[in-house]
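Data first, discussion second: the structure below is written as structure tokens.
The values are calculated or read from the model by the stated rules, or taken from the named source; none is laboratory data. In this text, all values refer to a predicted model and were calculated from it rather than measured experimentally. Cβ sites come from the backbone with ideal geometry, for glycine too, and all protein chains shown count toward neighbours. Surface accessibility is based on the protein's heavy atoms, side chains included, excluding ligands, DNA and RNA. Shrake-Rupley method; radii C 1.70, N 1.55, O 1.52, S 1.80 Å.
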Amino acid sequence: TLDEYVIGKGTASFCACVEAKTKAWANMQGATANKFGIYFGKTKSDPTMQYRFTQKFGKTKNEAFDGVKEALLNLVTAGKSKSFNEIDETPLSQMFKAKILSLYLPELYLNVCSSDHLEQIALEMGIPEQQFVSEYQHLLVDKKLANKITKDWSNPKFMSFLYAKFIRGDL
């Protein structure tokens, strides 16, 4: 249901679980709740607590919720078939898409949510420049599995190593 999905109601909703309860898996906090397509809350200019949604998903809260649900289902279907063009064209935010793919299909997609970080890490790992961000997310799992040292690592362990080595530079 809508209330089981949205963040902002103070309940253990789908979005609250994806963002906060799985933070150790991949951090996507910091961006506004718009990243979920629809949420319950206020804005800087309007302190009224109400359903808020991005117009690309619909003109009413129910249309928007239906649009978000359809986009999520399409994302997981495209993810399973490694249809990188379809994944990247899904109207959900990049961070949300990447986290969903890594949670639902961890054998195919690494738990890195930032498109800039995915590209930077992939290029540093010798992956040629790709057309699709989601392809980097997939090819990094392939790199992990192809290496005799990292093949048995969990995705969070591998992601932490990659961030230390290529993003923070403290390795």
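Got a number for residues in the stretch 19-33 being farther than 13 Å from C113 by Cα and open to solvent by 70 Å² or more (accessible area, probe 1.4 Å)? Matching residues across the stretch 19-33 total 2.
When A98, A71, A16, A78 are checked against the criterion of being in a helix (DSSP H, G or I), farther than 27 Å from Q131 by Cβ and either open to solvent by less than 50 Å² (accessible area, probe 1.4 Å) or free of Cβ contacts under 8 Å to residues at least 40 places away in the same chain (or both), a single residue qualifies: A16. Just to be sure, is L110 among the hydrophobic types (A, V, I, L, M, F, W, C) and either over 23 Å from K21 (Cβ atoms) or surrounded by 17 or more Cβ atoms within 10 Å (Cβ to Cβ) (or both)? Criteria met by L110.
For the stretch 35-62, a residue qualifies if it is surrounded by 14 or more Cβ atoms within 10 Å (Cβ to Cβ) and either assigned to a helix (DSSP H, G or I) or of a type in the set (S, T, N, Q) (or both), and the qualifying residues are K35, F36, T54, F57, K61.
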